[in-house]
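Asker: Submitted below is the structure of interest, expressed as structure tokens.
The values are calculated or read from the model by the stated rules, or taken from the named source; none is laboratory data. Note that the coordinates shown come from a computational prediction; the quantities given were computed from them, not determined experimentally. Cβ coordinates were reconstructed from backbone atoms using ideal geometry, including for glycine residues, and neighbour counts include every protein chain displayed. Quick note on the areas: whole protein, heavy atoms, side chains included, nothing else; ligands and nucleic acids left out. Shrake-Rupley method; radii C 1.70, N 1.55, O 1.52, S 1.80 Å.
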Amino acid sequence: MTEEQPDEEALARAGEILKAGGLVAFPTETVYGLGGNALDPQASMKIYRAKGRPSDNPLIVHIADMESLPEIAREIPEQARLLAQKCWPGPLTMIFPKTDIVPPETTGGLDSVAVRFPGHRTARALIRAGGGFVAAPSANTSGRPSPTTAEHVEEDLGDAVDMIIDGGEVGIGIESTIVDFTEPVPVILRPGYISLEMLGEILGEIRMDPGLLREDSPVRPKAPGMKYRHYAPRAELSIVEGPTEAVVAEIRKRARTAEQKGKCVGIIATDETCGRYDCGIVKNIGSREQEETIAHHLYGVLREFDCSQVSEIYSEAFYTPKLGQAIMNRLLKAAGHKIIKVEDEENDSIGK
């Protein structure tokens, strides 16, 4: 089905599954979600089991209208209301103190709840059909690249999900921005399509969580993706960072060396550089001039390499102006924060 042509019968059936405590995978504008009734503790535990996800990793509760927010959020600051006016429905999650109707199984045992009002019309229709509150992390096995197509969901979860709603390929391709409003100053816990600059223009004072890019933060996670390794392909992934010429040269050198040892090597490049690699399996992730294409293709490219029998993957770094923080957050976690820094006299840099 599409947003423009919804399958009302399928959505009604999916809604009944959710109300009965089952699981439904569905498209959003960011990635596919694995949905369960957010107010049903057993449904939330089913989500954790299906994904193989640690139960202290909070789930995001999805709503379909602003009127639902006070039912699950005990306190809603004026700044949050302002941000909601500007960015909801859309790829933004906000964290609030929770009300008692939200079970601890959904929030990872925390007294706060992460809430998103998605912009995808099919997602909102499903949420309404399912009772109005749907807990939905990404619909993939925990640690794997997030799904951007229904086929990715089937590949990872199979019979663990009761129904998959196929809405085609998603639009954005990376998860929502998460902002914590339980602190005196709002804190970005996960960067996304809505950037720090955009949030600053709306809210004024806002800060980035200092441990955002750390792989092993000792702090208990308040939001998905903060603590555990995510988005990882099966092959070892390394990010090569530095000036353009030096990065291309370093990746070519490492790919040739690996191939001489009989290894199959993957390379993640862009429109601007993919033609400069003469060895390895080269995947074009998009254009630096249109950075949305890099975010859109990131998880798909990582999954494609799983079908290519590569043992090593080398990726250029993508510190692009608007989405660079979000893209690099996902890529660093996928690589287990393995970075190869190179230097050159060239001034033209693709690393910074």
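Asker: Tally time: how many residues in region 31-50 are open to solvent by 40 Å² or more (accessible area, probe 1.4 Å) and part of a helix (DSSP H, G or I)?
Answerer: 5
Asker: Could you please find all residues in region 45-71 being of a type in the set (S, T, Y) and over 20 Å from the mean Cα position of the chain (by Cα)?
Answerer: Once the filter is applied, which keeps residues that are of a type in the set (S, T, Y) and over 20 Å from the mean Cα position of the chain (by Cα), region 45-71 yields only S68.
Asker: Mind listing just one residue for me: the one in region 156-165 that is in contact (Cβ under 8 Å) with a residue 60 or more places away in the chain and open to solvent by 30 Å² or more (accessible area, probe 1.4 Å) and, of those, farthest from A326 (Cα to Cα)?
Answerer: Filtering region 156-165 for residues that are in contact (Cβ under 8 Å) with a residue 60 or more places away in the chain and open to solvent by 30 Å² or more (accessible area, probe 1.4 Å), the one farthest from A326 (Cα to Cα) comes out as D162.
Asker: Sticking with this structure for a sec: Kindly indicate which of E197, E205 is under 24 Å from R74 (Cβ atoms), surrounded by fewer than 18 Cβ atoms within 10 Å (Cβ to Cβ) and of a type outside the set (K, R).
Answerer: Matching residue, one of E197, E205: E205.
Asker: Any idea which residue in region 305-335 is most open to solvent (accessible area, probe 1.4 Å), counting only those that are assigned to a loop (DSSP other than H, G, I, E, B) and closer than 22 Å to H152 by Cα?
Answerer: Here the answer is Q309.
Asker: Any chance region 126-142 includes a residue that's modelled with pLDDT of 95 or more and over 25 Å from I165 (Cα atoms)?
Answerer: For region 126-142, residues modelled with pLDDT of 95 or more and over 25 Å from I165 (Cα atoms): absent.
Asker: Among the residues of region 231-287, which ones are among the basic types (K, R), part of a loop (DSSP other than H, G, I, E, B) and over 30 Å from Y32 (Cα atoms)?
Answerer: Hits for region 231-287 are K261, K263.
Asker: So, one more: With the requirement that a residue be out of contact with any strand residue (DSSP E or B) (no Cβ under 9 Å at 6 or more places or on another chain) and either of a type in the set (D, E) or open to solvent by 20 Å² or more (accessible area, probe 1.4 Å) (or both), what does region 289-304 give you?
Answerer: Within region 289-304, E289, Q290, E291, E292, T293, H296 meet the criteria.
Asker: Any residue at all in region 117-140 that is in contact (Cβ under 8 Å) with a residue 12 or more places away in the chain and under 17 Å from F181 (Cβ atoms)?
Answerer: Yes.
Asker: For region 239-274, give me each residue that is among the aliphatic types (A, V, I, L, M) and open to solvent by 50 Å² or more (accessible area, probe 1.4 Å).
Answerer: Matches in region 239-274: A249 only.
Asker: What number of residues within region 230-270 are in contact with a Pro (Cβ under 6 Å, 6 or more places away or on another chain) and either over 15 Å from L332 (Cβ atoms) or without any contact (Cβ under 8 Å) to a residue 40 or more places away in the chain (or both)?
Answerer: 0
Asker: Only one of E9, E29, E75 is among the charged types (D, E, K, R) and without any contact (Cβ under 8 Å) to a residue 12 or more places away in the chain; which?
Answerer: Answer to the selection: E9.
Asker: While we're looking at this one, here's another question. Could we say that G242 is on the phi < 0 side of the Ramachandran plot and under 27 Å from the mean Cα position of the chain (by Cα) here?
Answerer: So G242 does not fit the description; no.
Asker: Inspect region 16-30 for any residue being closer than 17 Å to R124 by Cβ, surrounded by fewer than 16 Cβ atoms within 10 Å (Cβ to Cβ) and either out of contact with any Pro (no Cβ under 9 Å at 6 or more places or on another chain) or among the polar types (S, T, N, Q) (or both) and give the result as yes or no.
Answerer: Yes.
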